[in-house]
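For reference, the structure is listed below as structure tokens.
The values are calculated or read from the model by the stated rules, or taken from the named source; none is laboratory data. No experiment lies behind these values; they were computed from the predicted model shown. Virtual Cβ from ideal backbone geometry, glycine too; neighbours counted across all protein chains shown.
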Amino acid sequence: MTIFLIGFMGSGKSTIGRLLAEQLNYSFIDSDSWIEEKAQLSISEIFADFGEDYFRKLEQEFILQFETDNTVIACGGGLPCYNNLMHEIKQKGIVIYLNCSAELLVNRLKNETHQRPLIAGLSDGDLKNDIERRMNSRISVYEKSPITVFPEGLSVEETVSKIKEEISKSGY
Ligand code: S3P
């Protein structure tokens, strides 16, 4: 089984995904790390040197070449929203949406904007507006996930338990 974790930047996909993989004895792949290794550049450098469209092509390449396996994949926040990749990942495995409020995301992201090209250099107020705008445009894609988990107020361990419970309830 392949488990895809999706959701906005800052929703905890990598941290939660790593623990979930460890508990299931699965491999773990972060799509951003795969892309950085493939391009031998950081995500910020890829955006700056080649632009967002090129980055989205690399995300597509990652998903299309991926062979289904016992793996947890943390997807970059925008990955399902371009090149029909939500459809692709739903064909390849079970998709879990980590749904966090904009307030929580702003608090988590405000000290990390420099590592994230889409929000680099934004003031706290602009960051909130940007997150709300981007969430509104992505939500209809994220909500096509068969499973949604709300990590807010839960520890990483509790979120992982909730994900495992939802997967077994879904009959996968
Ligand atoms: C992006 C999210 C980032 C990374 C890139 C673009 C997005 O991944 O892929 O900066 O479009 O939301 P994380 O969600 O892991 O931060």
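Can you confirm whether PRO151 is within 18 Å of the chain's Cα centre (by Cα), assigned to a loop (DSSP other than H, G, I, E, B) and crowded, with 19+ Cβ neighbours inside 10 Å? Spelling it out, PRO151 is indeed within 18 Å of the chain's Cα centre (by Cα), assigned to a loop (DSSP other than H, G, I, E, B) and crowded, with 19+ Cβ neighbours inside 10 Å. Can you pull out the residues in the range 33-64 that are among the acidic types (Asp, Glu) and over 16 Å from ILE119 (Cα atoms)? GLU36, GLU37, ASP49, ASP53, GLU59, GLU61, listed by residue number. Does any residue in the range 72-97 that is under 21 Å from LEU19 (Cα atoms) come within less than 8 Å, Cβ to Cβ, of a residue that is more than 16 Å from the ligand (Cβ to nearest atom) and of a type in the set (Gly, Ala, Ser) six or more places away or on a different chain, and which pairs are these? That search, which allows pairs on different chains as well, returns VAL72/SER27; ILE73/GLY93; ILE94/SER170.
Residues that are buried (at least 20 other Cβ atoms within 10 Å of the Cβ) and within 13 Å of the ligand (Cβ to nearest atom): does the range 18-28 have at least one? Scanning the range 18-28, I find no residue that is buried (at least 20 other Cβ atoms within 10 Å of the Cβ) and within 13 Å of the ligand (Cβ to nearest atom), so the answer is no. What about THR15, is it β-branched (Val, Ile, Thr), more than 13 Å from the ligand (Cβ to nearest atom) and either crowded, with 17+ Cβ neighbours inside 10 Å or modelled with pLDDT of 95 or more (or both)? No; evaluated as a whole, the condition is false for this residue. Scanning the range 61-78 for residues that are in contact with a Phe, Trp or Tyr (Cβ under 8 Å, 6 or more places away or on another chain) and within 12 Å of the ligand (Cβ to nearest atom), which turns out nearest to ILE131 (Cα to Cα)? The extreme case among them is GLY77.
Cβ separations smaller than 7 Å between residues 6+ apart or across chains give the following pairs from the range 2-20 residues that are touching a residue at least 60 places away in the same chain (Cβ under 8 Å) to residues that are of a type in the set (Phe, Trp, Tyr) and not in a helix (DSSP H, G or I): ILE6/TYR97; GLY7/TYR97. If you go through the range 116-148 and keep only what is closer than 22 Å to THR15 by Cβ, more than 17 Å from the chain's Cα centre (by Cα) and either polar (S, T, N, Q) or buried (at least 18 other Cβ atoms within 10 Å of the Cβ) (or both), you end up with just LEU127.
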